[in-house]
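Please treat every number below as a calculation from the coordinates, not as lab data. The model shown is predicted, which means the values in this text are computed figures rather than measured ones. Ideal geometry is used to build each Cβ from the backbone, glycine not excepted, and the neighbour counts take in all protein chains shown.
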Amino acid sequence: MTTPLPFQSDQTGPWAGVGVLRLEQPGKPVVVLDADLVDRLESALNALPTGLRGLVLASASERVFVAGADLKAIQDLSDADLHRYLARAGRVYGMIAQLPYPTVAAINGAALGGGLELAMHCDGLVACPGTKPYPVGLPEAGLSICPGWGGTNLLAARLQDAAKALTMTATGQTMTFDEAHASGLFDSVAPDASTLINAAKSWLVSQPARTREDRDGAPFRWIGRPGTRARVLAALDQVRDAIVQTGPGKAVALAVDAGLTKGWAAALEVEQRELVKLRSSPEGKAAIASFFERAAKK
C-alpha cells in the first residue's frame with residue numbers, strides 16, 4: 001500500500017484552511033522524482049481534504065527542493081516504459097494545476113529539471129536563500145536530453161526575458177538563487193528557511209479564490225496564456241536559429257512551437273517524444289553514462 005506524503009493544515013488563525021504537503025524520501029540525501037515518489041504524490045493529492053483554502057508544496061529535505069527526475073530510470077528503462085514513466089508523472093503533476101484553490105511551491109534549495117517543472121505546475125513560487133548558494137533551472141540539455149514535464153513552456157512564461165529562458169533551456173544553463181530572483185522567477189522571497197512556509201501561506205491567502213471552472217488542464221502560468229503568448233513567440237523567433245544547432249535545442253523549439261500553436265497537451269507530447277529519442281541517441285547515452293561515472297568518483 002502506498003504511503004501518502006506528509007500533509008497538515010492550519011485549523012485556526014490567518015492561514016486557516018491552508019494545507020502543506022511535503023515531498024520526502026526517508027533515507028535518501030535528496031528528493032528525486034522516482035516512480036515511488038510519484039505514487040506517493042498521487043496518493044496524497046487524492047487524499048487532500050475538501051474545503052482547503054490553498055496548498056503549499058514544500059520539501060522535507062533541508063538541502064534541496066527536488067534534485068530532479070530519476071536519471072537512472074531515464075537511462076535504463078525501455079522506450080515504452082520511459083514513455084509510461086514520463087506520461088504518468090506528467091498526469092500526476094497536472095493534478096496540482098487542476099486543484100480548485102491557489103497553489104504555491106515553497107523552494108528552499110536546489111530546484112532542478114523535473115523538480116523545477118513540478119514547482120512550476122503551482123500557481124506561484126515562493127523561495128528563500130539557502131545557507132549556501134543553490135542552483136535553479138533546467139539542466140537537461142547538459143545531458144543531451146530535454147525537459148519532459150512542460151519545462152520548455154513553463155520557464156519562458158515565468159522569466160521576464162523569455163529569450164533568455166529559451167536559450168537556457170536549450171543549453172542546460174542554470175541560475176543561482178540570486179539570478180533566478182533577479183530574473184523574475186519567484187513571486188515572493190522569504191528572508192530565510194525558517195520563514196519560508198509562512199511566507200508561502202501569506203502569498204496564498206493574498207490570491208483570488210479559484211474554482212474547478214477556473215482550471216483548464218494547463219498550469220496557471222505557461223506560454224499559451226493571453227499576454228504571454230506574443231512575447232514568447234517573438235522570443236522564439238529571436239533565438240530559434242541559434243538554439244536549433246543541437247538536438248536538445250531543436251527539441252525545445254519544437255515543444256515551444258507545439259505549445260504556442262496546438263496547446264499544453266501537445267507540448268508535453270513533443271517533449272516526452274523528444275526526450276526518449278534523445279536519451280536513445282549516442283550523445284544522450286554517452287552524456288548520461290558520464291554523469292554517473294563522475295558521481296561515482298565523488
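Tabulated data
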{"read-out": "Residue (of A190, A234, S206) at the positive-pole extreme of region 181-298, dipole from beta-carbon charges", "value": "A190"}
{"read-out": "Whether region 1-128 is rounded, prolate or oblate, judged on the alpha carbon gyration tensor where a/c under 1.5 counts as rounded", "value": "prolate"}
{"read-out": "Neighbour-count ranking [beta-carbon atoms within 10 angstrom, fewest first] of R221, R231", "value": "R231, R221"}
{"read-out": "Rounded to the nearest 20 debye, dipole of region 149-265 from Cβ charges on Lys, Arg, Asp, Glu", "value": "360 debye"}
{"read-out": "Under 11 Å, Cβ to Cβ, from E274 - net charge with Lys/Arg +1 and Asp/Glu -1", "value": "+1"}
{"read-out": "Kirkwood estimate for region 7-297, i.e. one over the average of 1/r between Cα atoms, Å", "value": "18.9 Å"}
{"read-out": "Which listed pairs, of K28/K250; K28/K298; K164/K250; K164/K298; K262/K285; K277/K297, have C-alpha distances above 25 Å, in listed order", "value": "K28/K250; K164/K298; K262/K285; K277/K297"}
{"read-out": "Tilt relative to the chain, helix 79-97 - C-alpha long axis, 0 to 90 degrees, to 10", "value": "30 degrees"}
{"read-out": "Principal axis box of region 138-272, alpha-carbon based, largest edge first, Å", "value": "44, 36, 24"}
{"read-out": "Test item: Cα-centred dipole of the chain, Lys/Arg +1 and Asp/Glu -1 on Cβ, debye", "value": "40 debye"}
{"read-out": "Percentage relative contact order, the chain, counting C-alpha pairs under 8 Å, at least six apart", "value": "18 percent"}
{"read-out": "Relative exposure of K72, K132, judged by other C-beta atoms within 10 Å (fewest first)", "value": "K132, K72"}
{"read-out": "Simple Cβ-charge dipole of region 3-121, Lys/Arg +1 and Asp/Glu -1, about Cα centre, in debye nearest 20", "value": "260 debye"}
